[in-house]
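Contents: one structure, followed by commentary.
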Amino acid sequence: MVVSASTCRTETVFDYSWKHVVVCYWNRYPNPSSTHVLTEDTINREVRDGKLYSRRLLSKTNPVPKWGARFYNNVPVKIVEDSVLDPVKKTFTTFTRNLGMKKIMKVDEIVVYSEQKDGRTLAVRRAYISSQVFGFSRAIRAFGIERFKSNGNKASSGFNYVLKRMFPHHQLLPSAAATPVTASPAPEQFSDGAVATTTHNNTSSSSKSETLKSTAKIGYEFFKCHASKIAQLFSVRN
């Protein structure tokens, strides 16, 4: 059986230090933009080789369009989140995937939070979306891409809301020397014809170059190994 897949990549710059963003990450729920997140529980957490490994279980719900009601009832879906915090390199990487409804739509997402030269924090999000519903796979994947981007905007809005509440006097301003630019690279084409949609927030040209270098390796391994091997990479030892 051939399973077609689509991908999406987005970037968000938070006007706070990497340390503040990481601290806020563990406290970002609840917030006004996260009403779809019902529960979150930490399953395991350990320090290994100087890095903090965590595994959490979340339950979320999202409304579906009318055409999707035949495939999916609007019930909470369990999501596993593995994360690795590297205090030396100042990177925080999360990998999430849904446990239920995977035949209808399977979503694997990796997010890398890293420190920029101006002190702010860049979040690069990548999603790998697949569906096994014969005849509706492309429509479901297209819906998944749009839902991923919509949820990403909500997540960033909610994140900023909590950041402002936790650190009201620590917001950083973009460097005056930086010139904001918007990049629109050509979309990625896959074997099944699915096209990756790419969106970018405004970032400086210098940080842009640094971002591409730091995320190229991650993106390559992500799409080369797919979700199963990434899950092994981020797994927490029992």
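The values are calculated or read from the model by the stated rules, or taken from the named source; none is laboratory data. Because the structure is predicted, anything quoted here is derived from the model rather than measured. Every residue, glycine among them, receives a Cβ derived from its backbone with ideal geometry; neighbour counts consider all protein chains shown. The protein model used for the area step is the full one, side chains on, heavy atoms only, and it has no ligands, DNA or RNA in it. Shrake-Rupley method; radii C 1.70, N 1.55, O 1.52, S 1.80 Å.
So the values come out like this:
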| quantity | calculated |
| --- | --- |
| Val112 vs. criteria modelled with pLDDT under 95 and either open to solvent by less than 30 Å² (accessible area, probe 1.4 Å) or within 11 Å of the chain's Cα centre (by Cα) (or both) | no |
| Members of region 115-142 that are open to solvent by 20 Å² or more (accessible area, probe 1.4 Å) and under 13 Å from the mean Cα position of the chain (by Cα) | Arg125, Arg126, Tyr128 |
| Residues of region 161-189 classified as at pLDDT 95 or above and open to solvent by less than 50 Å² (accessible area, probe 1.4 Å), total | 3 |
| Subset of region 143-156 [of a type in the set (Ser, Thr, Tyr) and exposed (fewer than 14 other Cβ atoms within 10 Å of the Cβ)] | Ser150 |
| Single residue of Thr211, Thr197 found to be open to solvent by less than 50 Å² (accessible area, probe 1.4 Å), modelled with pLDDT under 90, of a type outside the set (Lys, Arg) and touching a Lys or Arg at 6+ places or on another chain (Cβ under 8 Å) | Thr197 |
| Condition met for Pro30 (over 30 Å from Lys89 (Cβ atoms) and out of contact with any strand residue (DSSP E or B) (no Cβ under 8 Å at 6 or more places or on another chain)) | no |
| Filter pass, Phe92 being aromatic (Phe, Trp, Tyr) and either at positive phi or not in a strand (DSSP E or B) (or both) | no |
| Test for Phe134: is it free of Cβ contacts under 8 Å to residues at least 60 places away in the same chain and either out of contact with any Lys or Arg (no Cβ under 7 Å at 6 or more places or on another chain) or not small (Gly, Ala, Ser) (or both) | yes |
| Residue match in region 60-77 (condition: within 30 Å of Gln171 (Cα to Cα), part of a loop (DSSP other than H, G, I, E, B), among the aliphatic types (A, V, I, L, M) and free of Cβ contacts under 8 Å to residues at least 40 places away in the same chain) | no |
| Residue satisfying condition, being open to solvent by 40 Å² or more (accessible area, probe 1.4 Å), free of Cβ contacts under 8 Å to residues at least 60 places away in the same chain, basic (Lys, Arg) and closer than 27 Å to Ala139 by Cβ, within set Lys89, Lys102, Lys51 | Lys102 |
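Listed here are the residues, each with its yes/no results for (1) farther than 18 Å from Glu109 by Cα; (2) surrounded by 15 or more Cβ atoms within 10 Å (Cβ to Cβ).
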| residue | (1), (2) |
| --- | --- |
| Thr12 | no, yes |
| Asp15 | yes, yes |
| Tyr25 | no, yes |
| Asn44 | yes, no |
| Val47 | yes, no |
| Arg56 | no, yes |
